[in-house]
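Derivation of every value follows stated rules applied to the coordinates shown; laboratory data play no part. Please read these numbers as outputs of a predicted model, since none were measured by experiment. Neighbour counts run over all protein chains shown; Cβ positions are idealised from the backbone, glycine included.
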Amino acid sequence: MDMIQKNFEKFHRQNPRVYILWDRFTRRMINAGLKNGSAALVMERIRWETTIETSFDKPVKINNNYKARYARFWMEQNPEWKDYFRTRVLASNSVDSVELYDSADPNAYF
């Protein structure tokens with residue numbers, strides 16, 4: 001499992017309200033007749049909601065890398081909409097993202 005995925009899963013466990021909002025806003029897009037969803041639109045709407053519209057203790061800081069993860073997770077949870085968000089190969093799964101140094105040695109990169 002790549003580091004982005006591990007961090008996403010930890011964030012998801014610690015912030016369940018983000019997925020609740022993701023589901024709510026995605027269903028609003030569907031009900032509005034949008035044929036394909038926009039993960040960026042949903043993410044920014046969540047940021048607006050948690051920053052401006054609600055009385056959360058503090059805004060939720062959501063890593064942009066999680067947009068694709070939430071989109072994929074939502075489609076897994078809602079198989080009838082398995083192609084609602086357009087997806088690409090995750091950067092962490094591509095050949096270009098292979099670590100080029102041994103992270104056990106912090107000086108190896110420099």
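Data table
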item: Spatially proximal lysines relative to LYS35 (Cα-Cα < 23 Å; intrachain offsets below 8 disregarded); result: LYS67, LYS82
item: Shape of region 3-97, Cα gyration tensor, a/c cut at 1.5; result: oblate
item: Karplus (6.51, -1.76, 1.60) ³J(HN,Hα), θ = phi - 60°, over region 61-67, in Hz, Gly and Pro reported as x; result: 8, 10, 5, 4, 5, 7, 3
item: Burial order of peptide ranges 75-86, 21-32, 37-48, 4-15 (average beta-carbon count within 10 Å, highest first); result: 37-48, 21-32, 4-15, 75-86
